[in-house]
Amino acid sequence: MGAFSEAGTFIIQTLLELYLLMVLLRLLLQISRADFYNPISQAVVKVTDPPLKPLRRVIPSISGIDIASIVLALLVQFAAIYLICLINGIAPVNPVNALVWGIVGAIYYVANIYFFTLLVSIIVSWVAPGSFHPIVLLINQLVEPIMTPFRKLIPPIGGLDISPLFAFIAIEVIKIFIRNGAQALHVVPQLVLGI
């Protein structure tokens, strides 16, 4: 791989991965019913609205889940796979494989989003408990739906909430299954965002 193709791959992966993050955050914030008026939510909406508005005219939401956001996330993955192949002189991947790889990559990326938001939530709860910063509020709203089942199963021990530990374990187990599934599907990690 030459310097130009390596630099091009890095730029494509970085830009599309950042955009994929915005699209998936929008989907997850909608699912968790996070505060729409939070400035961070507003920024995510502004960044993702241009391609989502036309998609929403064609693709309706189902049971409160924004299917257009899912389709956009897969399109971003699909574009990344094809652009990286093009830059590196690799024959384009079969579209069905690219779609399956995109799905695997998006699911893995969602697991990573939850892992890191949960980690930030825990650190902030130690460093600045009771903080009302917009980012902190949004992170707490994002992780609350995944933490609620764990908190119901595992009560605090001596005032210490150990349920995040079990949430981390569950997320890592999910990521292991996704990685093994990706290997079974012969996913090329360099082509798929998030893996």
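Values in this text are rule-based calculations from the coordinates and carry no lab data. The structure displayed is predicted, hence computed values, not measured ones. Here Cβ is always computed from backbone atoms with ideal geometry, including for glycine, and neighbour counts include all displayed protein chains.
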- Straight-line reach check, LYS175, cutoff 26 Å on alpha carbons, 8 or more apart in-chain or any other chain, hits among lysines -> LYS152
- For TYR82, TYR109, ascending order of other Cβ atoms within 10 Å (fewest first) is TYR82, TYR109
- Item | Backbone HN-Hα couplings from phi across the range 82-95 [Karplus 6.51/-1.76/1.60, Hz, Gly and Pro as x] | 5, 5, 5, 4, 4, 5, 8, x, 8, 4, x, 6, 3, x
- Please work out how much length the chain gains when fully extended from TRP126 to SER63, using 0.36 nm per residue of separation minus the C-alpha to C-alpha distance, in nm with one decimal. 19.0 nm
- Task: Please get the size of the charge dipole for the range 3-184, origin at its Cα centre, with Cβ charges of +1 on Lys and Arg and -1 on Asp and Glu, quoted in debye to the nearest 20.
- Result: 340
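Using only helices, what value at 222 nm comes out for the chain when you add -39,500 (n - 2.57) per DSSP H run of length 4 or more and divide by the total residues, to the nearest 500 deg cm²/dmol?
On the way: 6 runs with 146 residues, N = 195.
Taken over the chain, the calculation gives -26500 deg cm²/dmol.
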- Kindly put TRP101, TRP126 in sequence by how many other C-beta atoms sit within 10 Å of each C-beta, fewest to most. TRP126, TRP101
- Item | Amide hydrogen neighbours beyond the local backbone of ASN38, cut-off 5 Å, H modeled | none
- Query: Could you state the number of Å between the C-alpha centres of the range 24-43 and the range 107-124?
  - Reply: 15
- In order over the range 143-152: 3J(HN,Hα) from phi, Karplus 6.51/-1.76/1.60, θ = phi - 60°, whole Hz, x for each Gly or Pro, gives 7, 4, x, 7, 7, 4, x, 5, 5, 6
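So for the range 3-184, averaging the separation of alpha carbon pairs under 8 Å that are six or more residues apart and normalising by length, what relative contact order in percent results?
Once divided by the residue count of the range 3-184, the mean separation gives 24 percent.
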- Task: Can you tell me the FRET efficiency between TYR37 and HIS186 if r is taken as the Cβ-Cβ distance and R0 is 45 Å, rounded to the nearest 0.05?
- Result: 0.50
- The extension gain from LEU137 to PHE78, computed as 0.36 nm times the residue separation minus the Cα-Cα distance, is 18.0 nm
